[in-house]
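Structure record follows, encoded as structure tokens.
Bear in mind these aren't lab numbers, they're just calculated from the coordinates by the rules spelled out. All values derive from a computational prediction rather than experimental measurement. Please note: Cβ atoms are built from the backbone with ideal geometry, for glycine as well, and neighbour counts cover all protein chains shown.
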Amino acid sequence: MANRIINTILPGNIGLFVGLVIVFPGLTNAAQWYSDSSAHIRSLYDDNIRLTTGDHNPVFGMVLAGKIKTGRRTEATDIHLDGGAALRKYSGEKGLDINDFDLGIDATHRTERNKFTLNIAIKLDSTLSSEIQSSGLMQSRRRRINKNFALSWTHSLSERTSLKLSHSYIDVAYKNKKNTGLTNYTYQVMEAMLSYSLNQKTVLSSTLTSSWYKGSGSSKTKTRNLGFMVGVNHSFSETFSAGAGVGMRYANTEQRLTGTNSDTSDAGYILSANIKQTFEQMTVNGMFSRNILPSGGGALLVTDSLAAEVEYSVDERLSLLLEADFYRNSSTDEDDKSRDRIFFSIRPKVRWRLARRWTIEGSYRYRRQRYDVSGRTADSNMIALTAKYVWPAKPSAGVW
């Protein structure tokens, strides 16, 4: 499995390494190693883990997971490798067991007025978790392979003005997807963002985005989207900050059906808003957006998302948390209502710092999902207990 991951993400291992050294020459200078890793084990009970409206049984599960981040850093350059694995075993229903893996390379290089970033990653996971935000097709557990490439350049035009150009490419494929409603797809985005600092507290921005979605299902969906947004972020004080953005988008969708082709256009607005408030013992974060999201359901989706997180520190060891998410999805093709959906999740947690590097967490999660076409609602309740251990970071000097 490890060889398969490496060969998939790095088809030309030697060429990629040489390219990284050329783009990020600071890697060959004196640098510092660093590493950061953690592991956790979780036991859980879920009365509808697939979030289906059909027949289902409650399941008990056990998850053993680990993450590691290791890299090399200089004053100008940082390159690191991120890896993770999760072994999942369930009882109560068949066909749910699966092992997840992810591997990625992140590189950053800075000069006096420029910043270059490169990200390459592959993730092997399950539709039980990967489709929550987009298509919602979690009913049939399938392997998802997500390959991602992203490159960006940020240039300081002046002390107050900066320009960022970026390009990202995503290739998503599903194993044994027949009769599941899932579709392999590619999605790429090109973006240009201009930022201007009015002062130390206020930043204005304007962003132009162009994206292409291509699904490989029977309809051969192709969607081209163009969007423009202006925004502002302001720090009202050391403990309170907020931001907002508004813009317009235009999408054109082509579908090749049996014996006929269709070409539809759709226009609408896009929004974003965020807020952060820090109190002496509590932190509150909130985010709302209306934007475009790729999906394995065979279409580019217009997604309204709302997320909130509250953390209250009772003392140095005990913390209370509350997390909530809401999604409203619809196709960019207004005539297609088959993907219109509402999803809601709320997760209260109690976290106890047992020792310096040991944390125990108890949590409850409620989820609800409804598709407009069927009108049927699925919900689930989950209870989980998690123990987490964080290894100490290990920086060390040396020459690569």
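Quick rundown of the values:
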item: Qualifying lysines (Cα of each under 25 Å from Cα of residue 123; at least 8 residues distant if same chain); result: 67, 69, 89, 94, 147, 175, 177, 178, 214, 220, 222, 388
item: Net charge dipole size for the chain [Lys, Arg +1 and Asp, Glu -1 on Cβ; Debye, nearest 20]; result: 900
item: Cα coordinate range in segment 2-399, projected on the principal axes (Å, largest first); result: 59, 53, 49
item: Under 19 Å from residue 276, Cα to Cα: lysines that are on another chain or at least 8 residues apart; result: 201
item: Gained length - residue 307 relative to residue 93, 0.36 nm times residue gap less alpha-carbon distance; result: 74.0 nm
item: Convex hull (Cα only) mean projected area of segment 112-152, reported in nm² to one decimal; result: 3.8
item: Gyration tensor verdict on segment 180-328 (Cα atoms; rounded if a/c is under 1.5, prolate if a/b is larger than b/c, oblate otherwise); result: oblate
item: Solvent-free Debye scattering, log10 I(q)/I(0), computed from the Cα coordinates of segment 31-87 at q = 0.28 Å⁻¹; result: -1.03
item: Rounded to the nearest 20 debye, dipole of segment 69-134 from Cβ charges on Lys, Arg, Asp, Glu; result: 200
item: Residue among 62, 358, 167 farthest towards the positive dipole end of the chain, charges placed on Cβ; result: 62
item: Point-to-point label distance, residue 222-residue 204, nm (Cα→Cβ direction, 7 Å offset); result: 3.9
item: Anchor residue 115: lysines whose Cα lies under 16 Å away (excluding residues fewer than 8 positions away in-chain); result: 164
item: √(5λ) per eigenvalue of the Cα gyration tensor, segment 136-244, largest first, Å; result: 38, 17, 12
item: Contact order normalised by residue count of the chain, Cα under 8 Å, 6+ apart, percent; result: 13
item: Calculated log₁₀ intensity ratio I(q)/I(0) where the Debye formula runs over C-alpha points of segment 251-400, q = 0.12, 0.14 Å⁻¹; result: -0.75, -0.88
item: GluC sites (Glu not before Pro) within segment 180-256, DSSP loop, no more than 15 other Cβ atoms inside 10 Å; result: 238
item: Convex hull (Cα only) mean projected area of segment 239-301, reported in nm² to one decimal; result: 5.9
item: Cα lying deepest toward the dipole's positive end in the chain, options 378, 298, 91, charges on Cβ; result: 91
item: At most 16 other Cβ within 10 Å, DSSP loop - chymotrypsin sites (Phe, Trp or Tyr not before Pro), segment 227-266; result: 236
item: Simple Cβ-charge dipole of segment 82-220, Lys/Arg +1 and Asp/Glu -1, about Cα centre, in debye nearest 20; result: 400
item: Low-density loop positions, trypsin sites (Lys or Arg not before Pro), segment 40-89 - DSSP coil, at most 13 other Cβ in 10 Å; result: none
item: Segment 313-396 shape via C-alpha gyration tensor axes, a/c threshold 1.5; result: prolate
item: Residue-averaged [θ]222 nm for the chain, counting only DSSP H segments that reach four residues, each worth -39500 (n - 2.57); result: -1500 deg cm²/dmol
